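Derivation of every value follows stated rules applied to the coordinates shown; laboratory data play no part. Owing to the predicted nature of the structure, the values given are computational and were not obtained by experimental measurement. Note that we place each Cβ from the backbone using ideal geometry, even for glycine, and neighbour counts take in every protein chain shown.
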Amino acid sequence: MSEENVRVRIAPSPTGAIHVGLARTALYNYLFAHKNKGTFVLRIEDTDFDRSTEESAQAIIKGLGWLGIRFDEGPYYQSQRMDLYKSYAEKLLQTSHAYKCYCTQERLEEERKRAETERRVWRYDRRCLNLTDSEKASFEAQGIKPAIRLRIPDGPTTFSDLIHGEITREAKDIDDFVAVRSNGIPTYNFVVVIDDHLMKMTHVLRAVEHISNTFKQVLLYKALGWDEPKFAHLPLILGEDKKKLSKRHGAMSLDEFRRLGYLPDALVNFLALLGWSPGEDREVMTRAELEDLFSLERINTSNAVFDMQKLTWMNGEYMRRMNPEDLIRAFTDWLAYTRTELPSEYATQELLSKAVPMIGERSRTLAEIYDALLPFISDDLTYDESGLEKHFRKDPDTVSQRLKLYRDKIEELDEWTVESTEEALRQLVEELDVKAGLLIHPVRLAVTGRTVGPPLFDCLVLLGRERVLERLGKLPR
Ligand code: GLU
C-alpha cells in the first residue's frame, strides 16, 4: 500500500561518530520514503551547544553517503533556527500550556537525590505552577532567569504506533518537562515538535527508546493545536549477549566497519534485517529489492540482535557476487581509505587484477583479501604454525625430499601453467606412490605459508617460477 506525500527524516544529534543504530534508523526512513516516492530529510539537532560539533555532523553526512543513503532535503541545522522556536514558547505561555519555573539547579538536584534515596521516580513537584505575579516579579528582581515547563494535563495520553499499536501513559507518569532552559536554549522534545510540524513530516520512524519522549511530544502537538505525524518505533538493537548494543560490542561506528573491510551494500542489507524481514526467509537482497519489499507492517516488535558473524557471512556473499572490476575497485578504495600500503614491488596492477578476484572468492571482507594477498606481494612469509606441525615437522626429511623432487620437476618445465605444474605433481605422486595430499599440503605451505587459499596451481602461476623455486626449499624446521 502506498502512502501519499510521505515526508520522513532523521534528526541526529551531532555529538560523535555515526553508529549502527542511527544508520539503521536512517535506512528505514530512506527505504520508506523511496517505497512511497516520498521525501527523506536530514535535520541536524545541534541545540546541545556543549556537545555538538560540525565535525560530527560531517561524519554523519559522510557515513550516510558511504552507505548510499541519500537525503532529498537538508541538512537543516536547528542551531540556525533558534529565533523561530522562541515565538512558540511564548505561545505556550500565553495559552497556559506552559509555565515559568524559577527553581534553581541546586534545588532540583536535591529533590532528585531525595527521590533516589527514597527509591521514587523523580517528577518535578510543580512548585512554580501557580506562582502569583508578585512571586514571579520577586524572582525576576533577583535576576533569576526562568525555565519554561510544559504543564502536563490531567488524564491519560494515548497515541497509535504503527508497529506497537495503541500506547497509553497516565499523566502522573509524565513529567512537566522543560521546553526552554533558563539559559534560553530550547530542549529536544520541544524543538523536535516544531520542526517536524513545520517541515511537514508525515511519519516519524525512530528507535523505541524514544517512546517516553513521544508522549511529551504528542502533548505538545495538542497544546500547539497541530496534528501529530504517525509514529513508528523501531525495535531495540541488542548485542549477542542480549544487552543493549554499545561500544562494548566492538567496532560499531560506520568508519570502523569500513576499516574492517565491509562493503556498504552488504552492510545496508544487513542493517535492513535488523528489525525487519521480507518474509520467506529471504536474506540477500539488492537495494532495489529492499526498496520494493520494505514495509512498516513487517517491522518486528521484538528486539533485534546484532550478529557480527552474520554480517561477515553476508559480506562474503556480496564479494562473491561482485564482478572482478568492481571487487578490485572496492579493494583499492579500501587500501586508500585505510592508508594501507602494499609492501613490495610485486603489487602491480597486473598482479592485483589476477589475485584479487581469485582470493575474493574465498574471503569474507576486504581486509581478509589483503591478508590472503600478502604471500603474493611479499617475500617475507609467515608460516602457519599448525600447518608446519601437521604437514612438515612430523617427518621433515621426507617432506623436504619430496619438495626437492617436485622442485626439480617443475624447474625443467617448458611452460609455466596451471596444467603443467599440476601434471608435474600428478606424475610425482604416481612415481612416489603416495597420496596427492602429501605433496599438495607441503607445497602450499612452502610457497604461501598458509594451509588454505586459492587453488594451488593458480597460486604457483601467479607467483611465477622463480619465486616458487626459491620458496620450495625454505620451510622452517
Ligand atoms: N536528536 C534525536 C536523537 O538523536 C532525534 C530523535 C528523533 O528522531 O526524534 O536521538
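Figures for the structure shown
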{"read-out": "Tilt relative to the chain, helix 211-223 - C-alpha long axis, 0 to 90 degrees, to 10", "value": "40"}
{"read-out": "Neighbour cut-off at most 10 other Cβ (10 Å), DSSP loop, chymotrypsin sites (Phe, Trp or Tyr not before Pro), segment 17-81", "value": "Phe49"}
{"read-out": "HN-Hα J in Hz across segment 88-102 - Karplus 6.51, -1.76, 1.60, θ = phi - 60°, x for Gly and Pro", "value": "6, 5, 4, 4, 5, 5, 4, 8, 6, 7, 9, 9, 7, 10, 9"}
{"read-out": "Leading residue at positive end of dipole, segment 367-452 (Cβ point charges), from Pro396, Thr382, Gly437", "value": "Pro396"}
{"read-out": "Non-local Lys pairs in segment 36-118, i.e. 8 or more apart or on different chains, that have alpha carbons under 25 Å apart", "value": "4"}
{"read-out": "The chain, helix-only ellipticity at 222 nm - DSSP H runs n ≥ 4, -39,500 (n - 2.57), divided by all residues, nearest 500", "value": "-14500 deg cm²/dmol"}
{"read-out": "Between 0 and 90°, nearest 10: helix 418-432 axis offset from the chain longest Cα axis", "value": "60"}
{"read-out": "Two-site FRET efficiency, Glu73 against Lys145, from Cβ-Cβ distance with R₀ of 30 Å, rounded to 0.05", "value": "0.30"}
{"read-out": "Sites Lys435 and Asn323 - FRET efficiency at Förster radius 35 Å, r taken between beta-carbons, to 0.05", "value": "0.40"}
{"read-out": "Distance between segment 198-270 and segment 353-432 - C-alpha centres, whole angstrom", "value": "49"}
{"read-out": "C-alpha long axis of helix 105-117 to longest principal axis of the chain, angle in °", "value": "70"}
{"read-out": "Fewest-first sequence of Val284, Val8 by Cβ atoms within 10 Å of each Cβ", "value": "Val284, Val8"}
{"read-out": "Dipole magnitude (debye, nearest 20) for the chain, charges at Cβ of Lys, Arg, Asp, Glu", "value": "1800"}
{"read-out": "Model label zone, Lys172; criterion: amide N under 13 Å from point 7 Å along Cα-to-beta-carbon; scope segment 105-148", "value": "121, 123"}
